Amino acid sequence: MNRQDVLARLRATVQAGRPVIGAGAGTGLSAKCAEAGGVDLIIIYNSGRYRMAGRGSLAGLLPYGDANQIVVEMAGEVLPVVRDTPVLAGVCGTDPFRVMPRFLDQLKAMGFAGVQNFPTVGLYDGVFRQNLEETGMGFALEVEMVRLAAERDLVTAPYVFDADQARAMAEAGADVLVPHVGLTTKGSIGAGTALGLDEAVERVQEMRDAAVEVRPDILVLCHGGPIAEPSDAAYVLERTEGVVGFFGASSVERLPTERAITEQVRAFKALDV
């Protein structure tokens with residue numbers, strides 16, 4: 001499926017009054033189930049593998065594996081079982097060991113419809129983040145990766161963390177913007193520290209407004225922090241303007257899996273012998 005077809009489908013969904021839903025998939029089964037539920041986009045990246053192995057999503061930002069190579073490996077598990085849903089690759093745009101134009105060409109040849117910037121330095125802050133920027137591993141490389149992907153006619157759905165980044169990604173050619181408001185809460189390995197929903201609404205709206213100043217037709221999906229359940233997403237969508245959907249990773253595969261397996265085992269354990 002090419003970029004024009006993907007975007008036409010997403011815009012038709014919005015015009016029909018339905019939300020655009022993106023889902024992270026850490027396993028082939030997660031991807032199959034998300035597609036069966038009618039998801040619009042599937043994104044795979046290293047944190048999906050870690051998350052479904054019972055580790056926190058932030059493991060994807062630590063030196064536990066080669067993020068870009070893990071995505072290549074996951075492709076063999078996910079791409080063959082997804083029938084009709086665009087699959088995007090999470091790309092570590094700051095990777096100093098990849099010739100990024102060639103890597104993006106490789107991902108497109110494998111069958112990926114697009115990319116997202118993950119792992120992302122946008123989740124780092126403080127002196128460490130400042131040092132990353134100072135030593136040539138900053139967010140600008142992720143913007144450049146999105147620009148290169150757009151040139152290759154790949155769908156681009158980057159995470160952004162503030163208004164300036166939203167403008168930069170829009171200028172680089174982002175098709176779908178995902179304002180990220182923090183590590184997802186709830187469940188056994190969710191964040192305990194997060195924004196409140198009302199603050200998330202303000203942050204998402206600010207990033208959306210900055211992006212549409214540059215690119216009026218950009219599609220914006222909310223993600224992260226306290227937006228963990230469908231009711232949370234509904235709260236944000238009802239209180240924002242121009243935000244057309246939700247991207248969930250932990251929300252789509254980790255939280256439902258935790259609940260389903262736990263309750264299924266409890267049901268078996270409740271049987272009389």
Q.
Here is a list: Leu177, Leu237. Which entry is at pLDDT 95 or above, open to solvent by 30 Å² or more (accessible area, probe 1.4 Å) and of a type in the set (A, V, I, L, M)?
A. Leu237
Q. On the given criteria, is Cys92 within 17 Å of Pro119 (Cα to Cα) and of a type in the set (A, V, I, L, M, F, W, C)?
A. yes
Q. Which pairs do you get when a residue that is among the hydroxyl-bearing types (Ser, Thr, Tyr), found in segment 172-191, comes within reach of a residue that is modelled with pLDDT under 65 and surrounded by fewer than 24 Cβ atoms within 10 Å (Cβ to Cβ), reach meaning Cβ atoms under 6 angstrom, with the pair 6+ apart or on two chains?
A. Thr184/Gly190; Thr185/Ala191
Q.
Among the residues of segment 240-267, what is the count of those that are of a type in the set (S, T, N, Q) and either buried (at least 16 other Cβ atoms within 10 Å of the Cβ) or part of a strand (DSSP E or B) (or both)?
A. 4
Q. Quick check: is even one residue across segment 200-214 loosely packed, with under 15 Cβ neighbours inside 10 Å, at positive phi and modelled with pLDDT of 95 or more?
A. no
Q. In the list Gly65, Gly26, which residue meets the criterion of being outside any helix (DSSP H, G or I), more than 21 Å from Val178 (Cβ to Cβ) and open to solvent by less than 60 Å² (accessible area, probe 1.4 Å)?
A. Gly65
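Go over the candidates Thr135, Thr85 one by one and state the one that is buried (at least 19 other Cβ atoms within 10 Å of the Cβ), of a type in the set (Ser, Thr, Tyr) and without any contact (Cβ under 8 Å) to a residue 60 or more places away in the chain.
On the way: Thr135 fails: buried (at least 19 other Cβ atoms within 10 Å of the Cβ).
When all the criteria are applied, what remains is Thr85.
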(Q) Can you confirm whether Pro230 is under 28 Å from Ser30 (Cβ atoms), free of Cβ contacts under 8 Å to residues at least 12 places away in the same chain and either open to solvent by 10 Å² or more (accessible area, probe 1.4 Å) or more than 18 Å from the chain's Cα centre (by Cα) (or both)? (A) yes
(Q) Scan segment 30-43 and tell me whether some residue there is closer than 26 Å to Glu151 by Cβ, open to solvent by less than 70 Å² (accessible area, probe 1.4 Å), touching a residue at least 24 places away in the same chain (Cβ under 8 Å) and in a loop (DSSP other than H, G, I, E, B). (A) yes
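Scanning for something among the basic types (Lys, Arg), over 17 Å from Tyr159 (Cα atoms) and in a helix (DSSP H, G or I), does segment 206-217 turn up at least one residue?
We begin by selecting, within segment 206-217, every residue among the basic types (Lys, Arg); these are 208, 215.
With over 17 Å from Tyr159 (Cα atoms) added as a condition, the list becomes none.
No; the residues of segment 206-217 include none that is among the basic types (Lys, Arg), over 17 Å from Tyr159 (Cα atoms) and in a helix (DSSP H, G or I).
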Q | Conditions (1) farther than 21 Å from Val220 by Cα; (2) touching a helix residue (DSSP H, G or I) at 6+ places or on another chain (Cβ under 9 Å): number failed by Ala36 | A | (2)
Q. Considering Gly93, Gly114, which residue is buried (at least 21 other Cβ atoms within 10 Å of the Cβ), closer than 24 Å to Val176 by Cα, touching a residue at least 60 places away in the same chain (Cβ under 8 Å) and of a type outside the set (Asp, Glu)?
A. Gly114
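The values are calculated or read from the model by the stated rules, or taken from the named source; none is laboratory data. All values reported here derive from a predicted model rather than from experimental measurement. Positions of Cβ are generated from backbone atoms using ideal geometry, with glycine treated the same way; all protein chains shown enter the neighbour counts. What goes into the accessible areas is simple: the full protein's heavy atoms, side chains included, and nothing from ligands, DNA or RNA. Shrake-Rupley method; radii C 1.70, N 1.55, O 1.52, S 1.80 Å.
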